[in-house]
Amino acid sequence: MAENYAADVEQRLRKDAAEVIARYPQPRSAIMPLLHLIQSEDGFVSPRGIALVADVLGLTRAQVSAIATFYSQYRRHPNGEYNVGVCTNALCAVMGGDLIWDELSSYLGVGHDETTEDGKITLEQLECNAGCDYAPVVMVNWEFFDNQTPQSAKQIVDDIRAGKDIHPTRGPEKVHTFKETERVLAGFEDGHVDEGPAAGEATLAGLKIARERGWTSPRPLEGGVK
């Protein structure tokens with residue numbers, strides 16, 4: 001990858017960065033969305049991206065790197081076009097997540113945070129996806145694929161490699177690329193926010209029962225907790 005951005009690319013990134021920075025009282029508060037902006041361009045937090053963020057925020061490269069290397073969503077090397085994350089935390093693991101992980105890792109020939117030779121898929125072993133009511137869960141570019149099996153998970157990656165659209169259980173109508181998703185995380189809307197259900201039947205079951213039975217949360221005591 002070139003050491004510096006082409007002039008037109010840098011101009012576009014600086015314009016987008018200025019829009020992001022304007023949302024915050026203190027410019028340095030924009031550092032995290034700006035790192036997502038860099039990933040939307042380069043597919044990872046590149047050295048040239050770190051330099052650009054440091055320049056627009058008036059920080060040192062070391063200060064920017066400290067953030068970029070702390071959070072796992074910031075990649076230190078180029079990510080695949082699709083990030084396939086398999087939850088292997090407790091509930092997903094016992095419901096089949098460990099089997100899915102072993103099957104996909106063997107099937108794709110890559111391990112955690114490794115990318116297939118065609119650059120299509122980066123495989124990631126994830127901690128909780130916050131979808132325990134649909135365990136085991138696989139996430140592709142942060143979109144949910146619920147109640148998975150080793151075979152259904154292999155079908156997802158087969159479709160990705162074949163260039164087919166893949167359709168999450170909840171959320172947008174199709175999964176968009178890693179770079180497209182990163183631009184959304186940087187704070188730029190993609191127009192897909194209202195597509196598909198955000199919560200499914202299992203997630204809402206408790207709320208439904210509470211409403212049917214007239215259950216409500218306890219009211220605060222007068223004068224505070226005693």
Q. For semi-axes √(5λ) of the Cα gyration tensor in Å, which listed value, (i) 26, 21, 15; (ii) 37, 22, 17; (iii) 33, 27, 16, comes from the coordinates shown?
A. (iii)
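Which helices pass in the chain if a helix is a full DSSP H run, must span at least 30 angstrom along its long axis by Cα, and must have mean Kyte-Doolittle hydropathy not below -0.5? Write out the running numbers ahead of the final one.
Details: long enough: none.
Helix filter hits for the chain: none.
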Q | Helix-only CD estimate at 222 nm, as mean residue ellipticity for the chain, using -39500 (n - 2.57) per DSSP H run (n ≥ 4) | A | -12000 deg cm²/dmol
Q: May I ask you to give the percent of accessible area on segment 89-226 that is carbon plus sulfur, with a probe radius of 1.4 Å?
A: 52
Q. Straight-line reach from K154: which lysines have a Cα under 16 Å away, not including same-chain ones fewer than 8 places off?
A. K120, K164
Q: May I ask you to give the solvent-accessible area per residue for segment 158-226, in square angstrom, as obtained with a 1.4 angstrom probe?
A: 76
Q. Of A90, A66, A205, which has the largest mean-square fluctuation in a 10 Å C-alpha GNM of the chain?
A. A205
Q) How much solvent-accessible surface does F178 expose, in Å² to the nearest 10, with a 1.4 Å probe and all protein chains in place? A) 0
Q: Please calculate how many Å² of accessible area segment 17-67 carries per residue, with a 1.4 Å probe and no DNA, RNA or ligand atoms counted.
A: 43
Q. So who's got an amide H within less than 5 Å of the one on C87, skipping anything under 5 residues away but keeping other chains? H placed 1.01 Å off N, in plane.
A. L126, V137, M139
Q: Express the Stokes-Einstein translational diffusion coefficient of segment 14-71 in µm² s⁻¹, to the nearest whole number, given a Kirkwood radius over alpha-carbon pairs, 25 °C and a viscosity of 0.890 mPa s.
A: 222
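Pull out a ≥ b ≥ c, the square roots of the eigenvalues of the alpha-carbon gyration tensor of segment 95-226, then state rounded if a/c is under 1.5, prolate if not and a/b is larger than b/c, and oblate in the remaining case. Walk me through the intermediate numbers first.
Numbers: a/c = 2.29, a/b = 1.85, b/c = 1.24.
Note, shape of segment 95-226 comes out prolate.
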**Q.** the chain: Cys lacking any partner C-beta under 4.7 angstrom
**A.** C128, C132
Q. GNM, the chain, Cα, under 10 Å: largest mean-square fluctuation among L104, L52, L204?
A. L204
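The values are calculated or read from the model by the stated rules, or taken from the named source; none is laboratory data. Note that the structure is predicted; figures quoted are calculated from it, not measured. Here the Cβ is made from the backbone with ideal geometry for all residues, glycine too, and neighbour counts use every protein chain on show. To get the accessible areas, we keep the full protein, side chains included, count just its heavy atoms, and leave off ligands, DNA and RNA. Shrake-Rupley method; radii C 1.70, N 1.55, O 1.52, S 1.80 Å.
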